Amino acid sequence: MKWRNGVIAPIETKAFTVTINIDDNQPRDRPSRFRVTLDPQPNREQLHLIEGTRVIQPALSDVDPYQFEIPIYRDTTVLVRLANVAEDAPATEGTQFSARFELGGFYGAPASGPYVAPDVDIPPGFNVMSGPPELISCQGGADGGSVFDLITAAEATGDVRRMVDGGQRMLDNMEEALDDGEFYIPGMTAQQREAMERAVASGAISEAQLAEMRAAVREAQGEMGNVRQSGAEAQAELSREYENRSRLIMTLVGRVGNETCQILISAGLQGEEGGAQQLSVEDPDDYDSDGPLPVGISNVGWLVGSIEDMADRDRSEDLFDVCMMTPEEQQRERESSCPAVCSGGRLILEEASQGHAKGTLRVDLLRTRDNPNGGCPRVERRELVVGFNITSANQGQDADMLRGISDETLRAMGMDESQINAMRQFDGMWGE
């Protein structure tokens, strides 16, 4: 990540030429993501972020990030400009600016501070130290593509607010364009907009069609009151759920042999900003629908290859499943006819903060097989042990509704690059 800070004069444009060199080992069909963010600051409303010839729409509020993100497939140079022009141009003032340039956005960092167990430090990235045969030696370095997010009340409610405000802005832009006899589609390039204007001028899009579009937009505008009310209710509910709580969502992405491997972890944390703590599986009996989120490990999963690959393996051989039990579930299991008791798991977080997650995960794995002699099935056990130490450029302000979900996870779900890019582009609309 690179920072650029300074002062920009009235009616001045600063240009930054960013040269990006892609690792030769990176698959050419899987892009890196280049992101530029203009941090919140005084007078930011008079600053305009420009990528090439594309003017990025301003942030929805003074606390939201003003940013854009583009996929990078090969060595390239990106022109980024920053213009300082107020709505009333003669009244433009000189102002400070702070911009960050990121490739990927997720980076390893040297470990710091004491480590609980084992008595060694964790290198940047992650490593599977114990687990099922398919997953043993799965590891990812500092630049392996792992992603995590510590979700706070501000982020959770901000997602809803941005969605509502973004929808309002989109309708306002459409209404203004249609009133001017233009055809507006969110995210259109200048060339696409010109093509649409030519189509309207030539009669390819008739006045009757424009009238139908205006009526549809007016109808949608009429519904915005209900949408805002629903959004306010959702924000109030999220504020209650995140009272003295935060949520950690993490996807560790690495390689084992020639295949991609992933560990997925989600947990409810004590404290509004996370912090060092030890957790076992969350207990649903502790959850009050009118209270905050439960504290504990919500979910752990692992994946080698794609979801389709795992499904094929599941049909041909039994896989080890993650197993976590609360004390009450353990007692009930002991009283069953064929008990197979699991621990509650253990997530040791040395650090869980905006930008840095470090610790160890330990959970039981079970695989059951039919007993040829009849009776209870045979149970095989393993323990999944993962050490991780990853950092993120996300400081809790990014407008990212695909929180903690990596591109590799989307690929494993069967999405191709065009679909992934479309989702990231759509996701970014609410922050631009």
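The values are calculated or read from the model by the stated rules, or taken from the named source; none is laboratory data. Please read all numbers here as calculations on a predicted model, not as lab measurements. Heads up, the Cβs are rebuilt from the backbone with ideal geometry, glycines too, and the neighbour counts pull from every protein chain shown.
Which condition number in (1) touching a Phe, Trp or Tyr at 6+ places or on another chain (Cβ under 9 Å); (2) surrounded by fewer than 17 Cβ atoms within 10 Å (Cβ to Cβ) is the one that L365 fails?
Just one mismatch for L365, condition (2).
Which count do you get for residues in the range 256-283 that are among the aliphatic types (A, V, I, L, M) and farther than 25 Å from S343 by Cα?
Qualifying residue count, the range 256-283: 1.
Assess whether R228 counts as being surrounded by 12 or more Cβ atoms within 10 Å (Cβ to Cβ) and outside the structural domain of D180 (by TED's automatic domain parsing).
no
Hey, any hits in the range 222-235 for a residue that's among the aliphatic types (A, V, I, L, M), within 30 Å of D407 (Cα to Cα) and assigned to a helix (DSSP H, G or I)?
Looking through the range 222-235, at least one residue is among the aliphatic types (A, V, I, L, M), within 30 Å of D407 (Cα to Cα) and assigned to a helix (DSSP H, G or I).
Examine the range 295-302 for a residue that is small (G, A, S), surrounded by fewer than 18 Cβ atoms within 10 Å (Cβ to Cβ), in the same structural domain as G145 (by TED's automatic domain parsing) and not in a strand (DSSP E or B), and state whether such a residue exists.
no
Between residues in the range 125-141 that are touching a residue at least 24 places away in the same chain (Cβ under 8 Å) and residues that are assigned to a loop (DSSP other than H, G, I, E, B) and β-branched (V, I, T), which pairs lie under 9 Å by C-beta distance while being six or more apart or on different chains?
Correct list of pairs: V128/I136; M129/I136; S130/I136.
Going residue by residue through the range 246-254, is there one that turns out to be among the small types (G, A, S) and either in a helix (DSSP H, G or I) or at pLDDT 90 or above (or both)?
The answer is yes; a qualifying residue exists.
Would it be correct to say that P40 is closer than 27 Å to G158 by Cα and either among the acidic types (D, E) or surrounded by 15 or more Cβ atoms within 10 Å (Cβ to Cβ) (or both)?
Taking the combined requirement at face value, the residue satisfies it.
Consider L347 carefully, then state whether it is closer than 15 Å to V385 by Cβ, assigned by TED's automatic domain parsing to the domain that holds L252, within 31 Å of the chain's Cα centre (by Cα) and hydrophobic (A, V, I, L, M, F, W, C).
yes
Within the bounds of the range 303-318, is there any residue that is surrounded by fewer than 20 Cβ atoms within 10 Å (Cβ to Cβ), hydrophobic (A, V, I, L, M, F, W, C), assigned by TED's automatic domain parsing to the domain that holds E383 and in a loop (DSSP other than H, G, I, E, B)?
No: zero hits.
Residues in the range 43-94 that are in contact with a helix residue (DSSP H, G or I) (Cβ under 8 Å, 6 or more places away or on another chain), among the β-branched types (V, I, T) and within 24 Å of V18 (Cβ to Cβ): how many?
Number satisfying all stated conditions: 2.
Quick grid of which residues meet (1) assigned to a loop (DSSP other than H, G, I, E, B); (2) touching a Pro at 6+ places or on another chain (Cβ under 6 Å):
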{"site": "R4", "(1), (2)": "no, no"}
{"site": "V7", "(1), (2)": "no, no"}
{"site": "T19", "(1), (2)": "no, no"}
{"site": "T37", "(1), (2)": "no, yes"}
{"site": "I50", "(1), (2)": "no, no"}
{"site": "I70", "(1), (2)": "no, no"}
{"site": "R74", "(1), (2)": "yes, no"}
{"site": "V78", "(1), (2)": "no, no"}
{"site": "E87", "(1), (2)": "yes, no"}
